[in-house]
Amino acid sequence: MNKEERLDILKKLITINSVNGNEVAVAQYLADLLAAYGIESQLDQFGDGRANLVAQIGQGKDERVLCFTGHQDTVAVSNAQKWEHPPFEAQISGDQLFGRGAADMKSGLAAEVITLIELVAEGKQPRGTVKFVATAGEEYGTPGAYRLDEQGITKDITAMVVGEPTGGQVVYAHSGSLNYEIKCYGKAAHSSTPEAGHNAINGLVEYINAEAHLFDKTPVDPFLGSVKHSVTLIKGGEQVNIIPDYASLFGNVRPTAEFSNAKVLALIKNKVDELNKKGDTQLEFRLLHNFYPVETSPENPFVKHALQLAQRNYAAGAARLSTINGATDASVFVRSNQAMAVIVLGPDNWQSAHQVDEHTTLSSFNATIETYKQLALDFFK
């Protein structure tokens, strides 16, 4: 493919509105595109407009499997009136291409598909197997990744590349993400006689005060540092002159390999139990999402070689080793295959993801394709 043909694929993906769903339209477009180059794929539709897509190439003479994965959905378009470039028109200005999902992560997704197509078209099928896995719903709840994991998609994968936007940085570790809710039940009363009730908000305040220092003594991860944690939402009360009998809060924790999801859960549940034994209000814990941390040693040969290729292809100084506190679909996939090496590597621009006038750069998009192609060939040497 020439650069214009590559660009046409990316532009088409951006014009397909897959805000929080409608992945089936993206998956069908990619399936048809792959088929045009003789590459078979499996489209798995589920739910309302949801779909995963899996394809693979390679000679199969090497038993190892390299996987490129990315998600097809995007976040919503907020403040549409503030967009200088309409979010679904894929407009170009200089080296920048604008649109919802341009960075997160249709540029990475396009680069992965193009990698398979170009390797086949150039007669450079790798000795082993290269898989392409496109998921649904990564932006909230990762239903596609969970479905694929239950289907055993990771059972034979040796190494994985997640094409999220990194601007050429090779991310070798990222935290997990654990979302939870705590409900508090009290007793309603008129505010003129508060002693007759039990204020559910007070119960949450006790937990919030405890949560501020709950993770102070947790071990520091050598790659990801300390555990990040926050109480992010709180709801309680219905009328200003009534003592509330119910309130709830939502919190997020970023587990690490050093302090795992299971340890995070145990710490929170133990604190809830402790507070319940003390007070008149009752706290109830509910787990919402439980995504695992992903870590591969920066000394792993796969990580080191990916860095060498990125340094060769991206702009000077762009490629370096890095870690992030965000989570990806790999947080689900490592549950079933903790032995596989995982990196996150993709085009620009992480900072514009989820923002007004989200954009990628054409230079980093093409650099990503070249890096992926060489990585796929070198992996089986």
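The values are calculated or read from the model by the stated rules, or taken from the named source; none is laboratory data. In this text the structure is predicted, and so the values were computed from the model without any measurement. Cβ: placed from backbone, ideal geometry, glycine included. Neighbour counts: every protein chain shown. Heads up: the accessible areas ignore ligands, DNA and RNA and are worked out on the full protein's heavy atoms, side chains in. Shrake-Rupley method; radii C 1.70, N 1.55, O 1.52, S 1.80 Å.
Counting only residues at least eight positions apart within a chain, or on another chain, the lysines with an alpha carbon under 24 Å from that of LYS278 are LYS183, LYS187, LYS217, LYS235, LYS263, LYS269.
Full extension of the chain segment joining ASN20 with LYS269 gains 86.5 nm, where the gain is 0.36 nm per residue of separation less the Cα-Cα distance.
Judged by the gyration tensor of its Cα atoms, with axes a ≥ b ≥ c, the chain is prolate; a/c meets the 1.5 cut and a/b is the larger of a/b and b/c.
Placing a pseudo-label 7 Å from each Cα along the Cα-to-Cβ vector at ASP48 and LYS124 gives an inter-label distance of 4.4 nm.
Expressed as a rounded percentage, what relative contact order does the chain have, with Cα pairs under 8 Å and six or more residues apart?
Relative contact order of the chain: 24 percent.
Using a cutoff of 8 angstrom between alpha carbon atoms and counting only pairs six or more residues apart, the relative contact order for segment 62-188 works out to 39 percent. Taking Cα atoms only, the orientation of helix 362-378 departs from the longest principal axis of the chain by about 80 degrees. Nearest 10 degrees, 0 to 90: what angle lies between the long axis of helix 107-121 and the longest principal axis of the chain (Cα atoms)? So the inclination is approximately 30 degrees.
To the nearest 10, the accessible area of ILE182 is 0 Å² with a 1.4 Å probe. Taken about its Cα centre, segment 77-123 carries a charge dipole of roughly 260 debye when the Cβ of each Lys and Arg holds +1 and the Cβ of each Asp and Glu holds -1.
The label-point distance for GLN239 and GLU40, in a model that sets each label 7 Å from Cα toward Cβ, rounds to 6.6 nm. What shape does segment 173-280 have by the C-alpha gyration tensor, where a ≥ b ≥ c are the square roots of the eigenvalues, rounded means a/c under 1.5, and otherwise prolate means a/b greater than b/c and oblate the rest? It comes out prolate by the Cα gyration axes. Ranked by the mean number of other Cβ atoms within 10 Å per residue, highest first, peptides 228-239, 164-175 order as 164-175, 228-239.
Each residue of segment 18-25 was assigned a 3J(HN,Hα) from its phi angle through the Karplus expression (A = 6.51, B = -1.76, C = 1.60, θ = phi - 60°), giving 10, 5, 6, x, 6, 5, 4, 5 Hz with x at Gly and Pro. For segment 169-176, the Karplus equation 6.51 cos²θ - 1.76 cosθ + 1.60, evaluated at θ = phi - 60°, returns couplings of 5, 9, 8, 9, 8, 9, 6, x Hz by residue, with Gly and Pro reported as x. Secondary structure note: in the chain, about 70% of the DSSP beta bridges are antiparallel. Spin-label model, GLU299/ASN2: points 7 Å from Cα along the beta carbon direction are separated by 4.8 nm. Think of segment 69-204 as having a plus end and a minus end, set by charges on the Cβ of Lys, Arg, Asp and Glu; of GLN96, PRO126, ASN79, PRO126 sits farthest toward the positive end of this dipole.
With axes computed from alpha carbons, what is the tilt in degrees of helix 261-278 against the longest principal axis of the chain, rounded to the nearest 10 within 0 to 90? Approximately 10 degrees, to the nearest 10. In a fully extended conformation the segment linking LEU288 and SER192 would gain 30.9 nm over its present Cα-Cα distance, using 0.36 nm per residue. Using only the Cα atoms of segment 65-186, build the gyration tensor, take square roots of its eigenvalues as a ≥ b ≥ c, and label the shape rounded, prolate or oblate: rounded if a/c is under 1.5, else prolate if a/b is larger than b/c, else oblate. Since a/c reaches 1.5 but b/c is at least a/b, the shape of segment 65-186 is classed as oblate. About the centre of its Cα atoms, segment 260-381 shows a dipole size close to 400 debye [charges on the beta carbon of Lys, Arg (+1) and Asp, Glu (-1) only; nearest 20 debye].
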